């Protein structure tokens, strides 16, 4: 079994404590011999004082060992297992894009994952995270007034806007997040291990980043905004129910005036 770096460091820490404890116990025995043979009272008093100090050190080390074995190591092991599962899921999902199905799972315009990949990934994350009892965040984004961009400047300019937004989303998300174009001007982000507060902060950063972008195409300089709907999986709903709840928050953001996040 291969150990994580943090586990290896933990074992080194434990080994050092064991070695220190053995040395202290040896010194403790030597001092007891000194007490047996010493003739001067002051030497005996010093030896007694040192014995007490060494005994106290032994108690502290024993306490550290107990805490490390029964508290620190279980926490480390749990973290390593969860990280391993998350990395394995990410590698499994990424491997799909490298197979003959890559074209079917990739959006041709932006190079992002498409709706089919998103649906499969969301179901898989829900299945796995139900076992480890961790949150999943879902973000649905829709560009505001995008039809006007196509009608006014043409579809080529609209395509440039979509590619710029896709690049922004990739730059602002983590390696194990699923970022997909669902169709038209709608995008989605599956953010595992994020609670509502963390998801809201990420969504606000993304919203502000998109709003501050300037898409340059020839003589055209466009500013674009996005509305965002958020949901955190409630541990009971399936993928479709989870998606619909985030989608309702998106339409709420649209009704409230656009360029905002609703959760």
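Can you bin segment 73-202 into rounded, prolate or oblate? Criterion: square roots of the alpha carbon gyration tensor eigenvalues sorted a ≥ b ≥ c, rounded for a/c under 1.5, prolate for a/b above b/c, oblate for the rest. Because a/c hits 1.5 or more and a/b exceeds b/c, segment 73-202 counts as prolate.
Sorting the segments 229-235, 122-128 by their residues' average number of neighbouring beta-carbon atoms within 10 angstrom, most packed first, yields 229-235, 122-128.
Sequence gap at least 6, Cα distance under 8 Å: using those rules, report the relative contact order of segment 107-262 to the nearest whole percent. Show your work: numbers first, answer last.
Values: 261 pairs, mean separation 46.8, N = 156.
In percent, rounded to a whole number, it is 30.
Separation of segment 215-243 from segment 182-214 is 6 Å, based on Cα centroids.
For the peptides 154-161, 182-189, the ranking by mean Cβ contacts within 10 Å, running from highest to lowest, is 182-189, 154-161. In terms of the Cα gyration tensor, with a ≥ b ≥ c the square roots of its eigenvalues, is segment 169-263 rounded because a/c is under 1.5, prolate because a/b exceeds b/c, or oblate? Prolate is the answer for segment 169-263, as a/c is 1.5 or above and a/b outweighs b/c.
No value in this document is a laboratory result; all are computed from the given coordinates. As the structure is a computational prediction, the values presented were derived from the model and not from experiment. Here the Cβ is made from the backbone with ideal geometry for all residues, glycine too, and neighbour counts use every protein chain on show.
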